[in-house]
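The values are calculated or read from the model by the stated rules, or taken from the named source; none is laboratory data. Keep in mind the model is a prediction, meaning the values are calculated, not measured. So basically every Cβ, Gly included, is an ideal-geometry build from the backbone, and we count neighbours across all protein chains shown. Just the protein is used for accessible areas: all its heavy atoms, side chains included, with ligands, DNA and RNA removed. Shrake-Rupley method; radii C 1.70, N 1.55, O 1.52, S 1.80 Å.
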Amino acid sequence: MLPESLGWQGQVVLTVPGARKPVVVVTRKLPEAVEVRMMELFTARLNIDDHPYSNAELLAAVATADVLVPTVTDRIDAAVIRAAGPQLKLIANFGVGVNHIDLKAAEERGITVTNTPGVLTEDTADLTMALILAAPRRIAEGERLLRAGKWQGWAPTFMLGHRIAGQRLGIIGMGRIGQAVARRARGFGLSIHYHNRHPVAEVTEHELEATYWQDLDQMLAHMDIVSVNCPLTDETRNLLSARRLAKLQPHAVVVNTARGAIIDEAALCDMLESRKIAAAGLDVFENAPHVNPRLLKLENVVLTPHMGSATFAGRIAMGEKVIINIRSFVDGNPPPDRVIEGVTT
Ligand code: 8YV
């Protein structure tokens, strides 16, 4: 009989002397330093060849794992959660967005969900800023032209884009990442506007000289660049609908480093094709990794493959957060990054 006591959520505490190590199933390959530490601390089942798990593999994983460590490429829906064995008490997501996890089903089954906020803020804000610069300045288009051997030399009217300084940036979602984007954007001379469920603290608004728009439609009509930085939830799905996109000015640029499904992608393609908006910079897509072929044909779009948090330091820090969440939980304590439905971090 293994010694055991119960923790904060009624979970079996797995770190008392003599207890077995918790079985932790990690669905994707993580940075080596993270995997080594997980091997030391847990009975870690790693994904050596990094193939995305099939539904059958997910079902098998939750049947035996004490802890599941999924990523954005796993669909942890109600059926997967229903298939979990009684020992599964924690889903420690590697990533901040949890739209791929059915939080309600998890709660009903008494499964705690955690994520990794904070450690990918600066990296994601950097990539957002890169797209904010790249789309109006046609950087990717210029690079494609040069590599294709089509550059015939400098000319006064060649590759003209739009000036960044002095433009209005409208940030949708003024959480950690939105604010980090705002700080960077101010350095480039952009003025900051934002839409959020609530205004940010006065001190932050003051620091960023930011203008709050309660009405998103109204904000969209006045922005030069719009950046999507909110989580995907039932409320934000299709937030930039065809109707809302139609509010944008013809020179407007749309940047999205959050989740593809926040924008009506087909409507965005219509707008870009007909030049009803000028350009877009997209790191995320509605049906990733499938990218709408209409986007691939457009010169006025900069496309990156969901790289927002893709830095060595960022991914290691995310792994460390996952480990801290698991350790706290199996010690019987509330994990620091617990996700509660409807409360976004
Ligand atoms: C992550 C992200 O790399 O954390 C997120 O929400 O979008 C990415 O930057 C990815 O989700 C890993 O699961």
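Only the Cβ atoms of Lys and Arg (+1) and of Asp and Glu (-1) were treated as charged; on that basis the dipole of the chain about its Cα centre amounts to roughly 640 debye. Computed log10 I(q)/I(0) for the chain at 0.11 Å⁻¹: -0.77, from the Debye equation with unit scatterers placed on every C-alpha and solvent omitted.
Pulled fully out, how much extra length does the chain show between residue 5 and residue 310, if you take 0.36 nm times their separation in residues and subtract their Cα-Cα distance? Spell out each step's value before the answer.
Details: separation 305, 0.36 × 305 = 109.80 nm, distance 3.90 nm.
Here the answer is 105.9 nm.
Listed by chain and number, the lysines whose alpha-carbon sits under 20 Å from that of residue 247, ignoring those within fewer than 8 places in the same chain, are 276. Calculated translational diffusion coefficient of the range 121-303 (20 °C, 1.002 mPa s; Stokes-Einstein with Kirkwood radius over alpha-carbon pairs) equals 129 µm²/s.
Please work out how much length the chain gains when fully extended from residue 41 to residue 75, using 0.36 nm per residue of separation minus the C-alpha to C-alpha distance, in nm with one decimal. Write out the running numbers ahead of the final one.
Working: separation 34, 0.36 × 34 = 12.24 nm, distance 2.63 nm.
Difference between extended and current length: 9.6 nm.
Calculated FRET efficiency, residue 144 to residue 109, Cβ-Cβ distance, R0 = 56 Å: about 0.70 to the nearest 0.05.
Hey, if we sort 286, 202, 108, 265 by accessible area with the 1.4 Å probe, largest down, what's the order?
On the way: 286 80, 202 160, 108 135, 265 15 Å².
Result, largest first: 202, 108, 286, 265.
Between the helical axis of 121-134 and the longest alpha-carbon principal axis of the chain there is an angle of about 20 degrees. Taking a straight line from the alpha carbon of residue 89, these lysines sit under 17 Å away, with near neighbours fewer than eight places off in the same chain left out: 21, 104.
Rounded to a whole number of µm²/s, how large is the Stokes-Einstein D of the range 245-329 at 37 °C and 0.692 mPa s, given Rh as the Kirkwood radius over C-alpha pairs?
Working: Rh = 14.5 Å.
After rounding, the answer is 227 µm²/s.
Projecting the Cα atoms of 203, 189, 254 onto the charge dipole of the range 129-261 (Cβ charges, centred on the Cα centre) puts 254 farthest toward the positive pole. Between residue 275 and residue 186, the C-beta separation translates, for a Förster distance of 30 Å, into a calculated FRET efficiency of about 0.55.
The angle between the Cα long axis of helix 312-330 and the main principal axis of the chain comes to about 30°, on a 0 to 90 degree scale. Excluding same-chain neighbours fewer than eight residues apart, the lysines reachable from residue 150 by a Cα-Cα span under 22 Å are 297.
For the pair residue 241 and residue 217 in one chain, pulling the backbone fully straight at 0.36 nm per residue adds 7.6 nm over the alpha carbon distance.
Using a cutoff of 8 angstrom between alpha carbon atoms and counting only pairs six or more residues apart, the relative contact order for the chain works out to 19 percent. Can you work out the PRE-style zone for residue 20? Point 7 Å along Cα to Cβ, and I want the residues of the range 301-345 with backbone N under 20 Å. Those under the cut-off are 326-332. In terms of Cα atoms, the Rg and Dmax of the range 9-67 work out to 12.6, 36 Å.
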